[in-house]
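Before any comments, here is the structure.
Quick note: the coordinates plus some simple rules give every number you see, no bench work behind them. Keep in mind the model is a prediction, meaning the values are calculated, not measured. Note: ideal-geometry Cβ built from the backbone for every residue, glycine included; neighbour counts use all protein chains shown.
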Amino acid sequence: MTGASQDPKSALRQCWSRVFARLEDPKYISEFPSEESMYVNFFLLCAFDDFDLTLQRFLRARKFHLEQSTDMLMNAISWRASIGLRDIMLQGEAGLNEMMIKASMYFIWGQDKAGRPIVFLNMHNFIPPRSEKETVELRAVVLYAMENARLFLDSEQNTSHGVLGLADLSSFARKNIDLEFSRIFIEIFQNYFPEILGKALVVGSGLRMALFEGVWRFGKYFMDPEVRKKVSFCRPNQLTEYVDTEFIPISLGGHFDEAKLYELDQRNPLRHEEVSRTPSAKTIAELDGEFIDASKKFIALTREWIYAEGKPTEAKIEAERNALKKQCKLLWRKEIAVRPLNLYQRLGLIDPKGIVNWDKARTMV
């Protein structure tokens, strides 16, 4: 059976069984530096909010086709290890190309009217990489931004389960076009961060919109059809239908001045200290041990939950499993605590417990 039952719990049970079988497959384990590395990457992908909610993202992305959903999740786990995503996050901004960071191609701030965090894609700030080295550096910047976006997607705070991607074409030009890197970007977010995009708005008018539409005719075929359906085009004067003016950038006729945030950050005494901070090898080793133990506990208890379906012990095991998932979520945040603080944390938009203060976003600029 490749399709999943209409019952969500049954779908989860069937898919977790497949995932666990793959985690024990020597061929799959060989894709990692070690078995321990596999468990760490499994934990860091799946435990950030709730293991089941993470798996549901992959199930929805593949329309609840069990084999395809399992393959997608397993590919994402091994990809995170192969691409060195954890190292990128532990190095923070100090490990990234400084000029690419300052270019502000990608930025998160505010919410749309549906409650989704807004991810600004400043298309006019994108400069295509000129070498393989620059491509690798730009990919690292994108990965850093995408992984930080997960901090805004805690299900307890983000009931809409996704972000609004807002592509600003206000000064878009031919020099900003790069179909090859567009393909890389699309591949990253749709294959390895599925269902993070709630809606995308491409905002512009006149010749700039016409130029982008020419690119879109080719670029859209890199996208999964379901992702493509989430993309809409609108003029700047239509943007208030989706976003309050305080979160619309000045370039599109709103009040949001992103430059002020960077000015505040530059004056922030935390900035220099945090950008240069890195965790010790001992700290990482201790976290790894906790992540591995937690992963194995989750797998063992979930297997009990699978086998207890319809039995008198089901409710008891499910309660134990729910408590374990909450413990794992708190444990996942220990990893966040050892990373250098990102811009949003330094400005106080995200507090040490991971709570996003949207009132601060409304008053800061």
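Working note: Cα atoms of segment 95-274, range along each principal axis, descending, whole Å: 46, 40, 31.
Label sites at VAL338 and ARG18, each approximated as a point 7 angstrom past Cα along Cα to Cβ, lie 3.4 nm apart. Going by neighbour counts of Cβ atoms within 10 Å, the residues TYR144, TYR262, TYR307 line up, fewest first, as TYR307, TYR262, TYR144.
For LYS175, give me every one of the lysines with a C-alpha distance below 20 angstrom, ignoring sequence neighbours fewer than eight places off in its own chain. Counting by Cα, and skipping residues close in sequence, LYS175 has these lysines nearby: LYS102, LYS133, LYS220. Across the chain, Cα-Cα pairs more than 41 Å apart make up 13 percent of the total.
In this simple spin-label model, placing a label point 7 Å from the Cα along the Cα-to-Cβ direction at both TYR307 and GLU246 gives a separation of 5.5 nm. For GLU258 and LEU179, what is the calculated FRET efficiency with R₀ set at 35 Å and r taken between the beta-carbons, to the nearest 0.05? Approximately 0.85, to the nearest 0.05. The label point for GLU137 and the one for LYS360, both projected 7 Å from the Cα toward the Cβ, are 3.1 nm apart. Relative to the Cα centre, what is the charge dipole magnitude of segment 11-131, using +1 at the beta carbon of each Lys and Arg, -1 at the beta carbon of each Asp and Glu, and rounding to the nearest 20 debye? Dipole magnitude for segment 11-131 comes out near 540 debye.
Here segment 1-149 yields Rg over Rh of 1.03, to two decimals, using C-alpha coordinates and the Kirkwood radius.
Backbone amide hydrogens, once placed in the peptide plane, bring VAL119 within less than 5 Å of LEU164, GLY165, LEU166, excluding anything fewer than 5 places away on its chain.
Here the gap between TYR221 and CYS234, fully extended at 0.36 nm per residue and compared with their Cα-Cα distance, gives a gain of 2.6 nm.
Given R0 = 25 Å, the distance between the Cβ atoms of ALA103 and GLU286 translates into a calculated FRET efficiency of 0.10. Can you grab the distance from the C-alpha centre of segment 100-124 to the C-alpha centre of segment 216-246, Å, no decimals? If you average the Cα positions of each part, the centres end up 14 Å apart. I'd like the distance between the alpha-carbon centres of segment 292-365 and segment 23-98, rounded to an integer number of Å. Cα centroid of segment 292-365 versus Cα centroid of segment 23-98: 16 Å apart. Remark: ARG183, ARG130 ranked as ARG130, ARG183, counting other beta-carbon atoms within 10 Å and listing the fewest first. Full extension of the chain segment joining SER276 with ASP351 gains 25.0 nm, where the gain is 0.36 nm per residue of separation less the Cα-Cα distance. Taking 0.36 nm per residue of sequence separation and removing the Cα-Cα distance, the LYS9/ARG130 pair yields an extension gain of 38.7 nm. The calculated P(r) of segment 136-182, using every Cα pair and 10 Å bins from 0, goes 19, 38, 32, 11, 0 in percent.
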